[in-house]
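See below for the structure under consideration.
The values are calculated or read from the model by the stated rules, or taken from the named source; none is laboratory data. Computed from a prediction, not measured in an experiment: that's the story for all the values here. Virtual Cβ from ideal backbone geometry, glycine too; neighbours counted across all protein chains shown. Surface accessibility is based on the protein's heavy atoms, side chains included, excluding ligands, DNA and RNA. Shrake-Rupley method; radii C 1.70, N 1.55, O 1.52, S 1.80 Å.
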Amino acid sequence: MSSPPAAPRAPPTPVQIREANAHLAALHGRVAELERRLAAAEQTVRGQAESLIRKDRETRGALQRLREDKDREIATLEGKLLSSEEAAQKLLGLLQEKDALIAQLKHRSHLLTKICRSRPVLDNLLAYMAEGERLSPGPGSQSSSPDGGLFLEANCALGLGSRDFSLCDDDLESGKSLFGTTV
């Protein structure tokens with residue numbers, strides 16, 4: 001398929017040339033305007049990219065400082081926790097010692113309570129012993145007591161110069177201790 005031979009073209013008219021020149025000038029102006037807008041947009045994007053890079057660096061620095069602060073605070077809190085645990089262990093040991101001491105003192109208290117309840121019986125016994133001592137014969141004399149001297153033979157006699165034993169208040173001053181306490 002061949003096309004018919006092209007007809008010779010006539011040269012453009014001055015109006016056509018002016019219109020083409022005006023169109024080219026408008027097109028050139030539009031291209032220049034678009035190039036200015038593109039340059040401005042590139043400058044804006046470049047500024048925004050620099051701002052984002054700067055903000056990213058600042059954010060990374062702030063995040064790093066937060067990590068360091070967090071790590072320091074964790075280390076401080078771990079130290080405090082360790083010292084608190086040590087103090088708690090010491091207090092538990094002290095508490096166990098105190099509990100043992102309380103148990104020992106309760107036992108002693110019960111014993112002393114029993115002794116105090118038995119005091120009237122002991123006072124009577126001592127009074128009987130003192131009376132028996134007064135009735136016993138002096139040294140070198142024959143026994144005339146109804147028990148035939150068995151009291152002395154059983155090594156139950158108190159010495160002549162010995163002090164009578166009782167649980168009176170003046171015995172508290174003697175400095176004797178019973179079950180670790182002064183009685």
message = For a quick check of your reading of the model, give me the residue pairs whose first member lies in the range 26-38 and is among the β-branched types (V, I, T), whose second is open to solvent by 60 Å² or more (accessible area, probe 1.4 Å), with beta-carbon atoms closer than 7 Å and at least 6 apart or on different chains.
response = none
ask   = Which condition number in (1) open to solvent by less than 90 Å² (accessible area, probe 1.4 Å); (2) modelled with pLDDT under 55 is the one that L101 fails?
value = (2)
note = Exactly one of R108, R67 is touching a strand residue (DSSP E or B) at 6+ places or on another chain (Cβ under 8 Å), modelled with pLDDT of 95 or more and either in a helix (DSSP H, G or I) or surrounded by fewer than 10 Cβ atoms within 10 Å (Cβ to Cβ) (or both), and that one is R108
